[in-house]
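Below is one structure, written out as structure tokens; the observations come after it.
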Amino acid sequence: MQKVISTAVIRRLPRYYRYLGELRQKEVVRISSKELSERMNVTASQIRQDLNNFGGFGQQGYGYNVEYLYTEIGKILGLDQEHKVVIIGAGNLGQAIANYSDFARRGFAIKAIFDIKPELIGKEVGGVKIRSVSELKNYVLTEKPDIAALTVTKEQAAKMANDVVSWGIKAIWNFTPTELRLPKDVVVENVHLTESLMRLSYNIRAAQEKRENEMVQQIAAEAERESAAAEE
Ligand code: NAI
């Protein structure tokens, strides 16, 4: 049976994969967990722990073989197979995704994009023509895409997700703010840029508070030094 891996580890894997990909491009052959940790700002023990989940790809005194680790993590992430993606909703976001060529390089091939607006039908984005949503059912049934990227308006999200799932799609990349309720065997990855911004905002505030506290402590320490000097 496959070992259950914590979601925290899974969340870190794409980052390892990305860094290893960069090293690979620079033709780096091997790397120690210490070097990897310095580059990635993660402790070396965290890296060892994470990678031990998969049987540990490192060797004492040698470190990690970049190519091997990159390939193995890619396999764990399922990147060794191509994923066929359809985009539903060819507005700002849908078109931006279709135009981003790096997804294809990673094995996510944008095969088709659909919209309801007649003025968009036939327009080409990222090398694919926008099709009418009336063709979607037939397309999904015959082409059997793996992933539907959902970039429709909020109001249409639940209906479109239910539709494509009923036609056989098992994975949704959901950009809409709608919480989808789908059968358990359907995997959903929600993407929320606003939540990311909120985390950024939290960190800005936390950093500000830290600076303010340090300043208060500095002033207090100076005052203490001055009063001690006056007493002498
Ligand atoms: P948009 O209004 O530019 O695009 C939505 C498109 O969906 C329109 O072209 C519309 O005609 C189409 N559409 C509506 N119903 C449809 C249907 N049943 N079938 C096919 N196409 C349909 O909106 P935008 O800015 O591209 O945003 C798209 C979605 O992504 C929205 O739900 C928005 O809230 C969300 N969003 C999410 C972000 C995130 O961080 N996750 C960031 C920005 C937007």
**Prompt:** Out of curiosity, is Ala148 under 21 Å from the mean Cα position of the chain (by Cα) and either surrounded by 11 or more Cβ atoms within 10 Å (Cβ to Cβ) or of a type in the set (A, V, I, L, M) (or both)?
**Reply:** yes
**Complete:** The condition of being open to solvent by 60 Å² or more (accessible area, probe 1.4 Å) and of a type in the set (A, V, I, L, M) holds, among Leu93, Leu23, only for Leu93
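Among the residues that make up the range 63-86, is at least one of them basic (Lys, Arg) and in a helix (DSSP H, G or I)? Full working, then the answer.
As a first pass, look at the range 63-86 and keep what is basic (Lys, Arg): 75, 84.
Then keep just the ones that are in a helix (DSSP H, G or I); that gives 75.
Yes, the range 63-86 contains a residue that is basic (Lys, Arg) and in a helix (DSSP H, G or I).
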**Item:** Criterion violated by Ile172 - all others in (1) within 11 Å of the ligand (Cβ to nearest atom); (2) within 19 Å of the chain's Cα centre (by Cα); (3) free of Cβ contacts under 8 Å to residues at least 40 places away in the same chain satisfied
**Value:** (1)
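Looking at Ala90, Ala44, which is the one that is touching a helix residue (DSSP H, G or I) at 6+ places or on another chain (Cβ under 9 Å) and within 16 Å of the ligand (Cβ to nearest atom)?
Among Ala90, Ala44, only Ala90 is touching a helix residue (DSSP H, G or I) at 6+ places or on another chain (Cβ under 9 Å) and within 16 Å of the ligand (Cβ to nearest atom).
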**Prompt:** Out of curiosity, is Gln95 under 20 Å from the mean Cα position of the chain (by Cα), closer than 26 Å to Thr194 by Cα and not hydroxyl-bearing (Ser, Thr, Tyr)?
**Reply:** yes
**Asked** Can you tell me which residue in the range 97-119 is most open to solvent (accessible area, probe 1.4 Å), limited to those that are touching a strand residue (DSSP E or B) at 6+ places or on another chain (Cβ under 9 Å), within 12 Å of the ligand (Cβ to nearest atom) and farther than 19 Å from Asp163 by Cβ?
**Response** Pro118
**Message:** Against the conditions (1) in contact with a strand residue (DSSP E or B) (Cβ under 8 Å, 6 or more places away or on another chain); (2) more than 9 Å from the ligand (Cβ to nearest atom), where does Leu150 fall short? Just the number, please.
**Reply:** (2)
**Asked** Looking at Gln156, is it near the ligand (Cβ under 9 Å from one of its atoms), within 20 Å of Leu193 (Cβ to Cβ), polar (S, T, N, Q) and surrounded by fewer than 20 Cβ atoms within 10 Å (Cβ to Cβ)?
**Response** yes
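Here's the yes/no breakdown for (1) touching a helix residue (DSSP H, G or I) at 6+ places or on another chain (Cβ under 8 Å); (2) at pLDDT below 95; (3) among the basic types (Lys, Arg); (4) surrounded by fewer than 10 Cβ atoms within 10 Å (Cβ to Cβ):
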position	(1), (2), (3), (4)
Ile169	yes, no, no, no
Phe175	yes, no, no, no
Leu182	yes, no, no, no
Asn190	no, no, no, no
Glu222	no, yes, no, no
Glu231	no, yes, no, yes
**Request:** Give the number of residues within the range 131-147 that are of a type in the set (Asp, Glu) and at positive phi.
**Result:** 0
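The values are calculated or read from the model by the stated rules, or taken from the named source; none is laboratory data. Worth saying up front: this structure is predicted, and the values here are computed from it rather than measured. Virtual Cβ from ideal backbone geometry, glycine too; neighbours counted across all protein chains shown. Note: areas computed on protein heavy atoms with side chains; ligands, DNA, RNA excluded. Shrake-Rupley method; radii C 1.70, N 1.55, O 1.52, S 1.80 Å.
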